[in-house]
1. Just how large is the dipole of segment 93-132 about the Cα centre, in debye to the nearest 20, putting +1 at every Lys and Arg Cβ and -1 at every Asp and Glu Cβ?
2. Which lysines does residue 44 reach when only Cα atoms under 26 Å apart count, and residues fewer than 8 places away in its own chain are ignored?
3. Suppose accessible area is computed on protein heavy atoms with a 1.4 Å probe; arrange 105, 34 from highest to lowest.
4. Please state the charge dipole magnitude for segment 32-131, taken about the Cα centre, from unit charges on C-beta atoms (+1 on K and R, -1 on D and E), reported in debye and rounded to the nearest 20.
5. Just subtract the alpha-carbon distance of residue 34 and residue 54 from 0.36 nm times their residue separation and send over the number in nm, one decimal.
6. Computed over the Cα atoms of segment 32-131, what is the ratio Rg over Rh, Rh following Kirkwood?
7. Give me the percent of accessible area attributable to carbon and sulfur for segment 32-131, probe 1.4 angstrom.
8. Charges on Cβ only, +1 for Lys and Arg, -1 for Asp and Glu, centred on the Cα centroid of segment 32-131; of 78, 55, 66, which one is farthest towards the dipole's positive end?
Amino acid sequence: MEPSYIFLTMAVTLLSMPATGFGQGTTRVGFYSKTCPRAESIVKSTVESHFRSNPAIAPGLLRMHFHDCFVNGCDGSVLIDGPNTERKAVQNSLLRGFDVIDEAKAKLEAACPGVVSCADILALAARDSVVL
């Protein structure tokens, strides 16, 4: 199979999954329109900024989202740093894009503290990386 076809198939599959995990609710376009109106634009601009300096970040973010969703649903647990965490697992050792998510999280916390979940930030970043 051609690599671009594999990437597209994986992207469609991942982006059709709920951003907050199976059975826990779903995030949709405009989900934060009332609680954090700039949430999607903040994530998008952060992803775009990193993409301009390193285009390889786009597939890295998609892959990170896939790895996050693989174990117990899309819960953001792959972002947790520390010993014996998913982030330190051997299969996750080559994941890229944590700096993008950290920067988006910092900007979102400054704009609307405690509103946007890490799982949703990762899902939005993966979505935005696919269209770059």
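1. In total the dipole reaches around 80 debye.
2. Within the straight-line limit of under 26 Å, residue 44 reaches these lysines: 34, 105, 107.
3. So, going from the largest accessible area down, we get 34, 105.
4. Roughly 160 debye for segment 32-131.
5. The residue 34-residue 54 span can extend by a further 4.0 nm.
6. Rounded to two decimals, Rg/Rh equals 0.95.
7. Using a 1.4 Å probe with all protein chains present, segment 32-131 comes out at 58 percent carbon and sulfur.
8. Toward the positive end, the furthest listed residue is 55.
The values are calculated or read from the model by the stated rules, or taken from the named source; none is laboratory data. Note that the coordinates shown come from a computational prediction; the quantities given were computed from them, not determined experimentally. Virtual Cβ from ideal backbone geometry, glycine too; neighbours counted across all protein chains shown. Just so you know, the surface numbers come from the protein's heavy atoms only, side chains and all, with ligands and any DNA or RNA stripped out. Shrake-Rupley method; radii C 1.70, N 1.55, O 1.52, S 1.80 Å.
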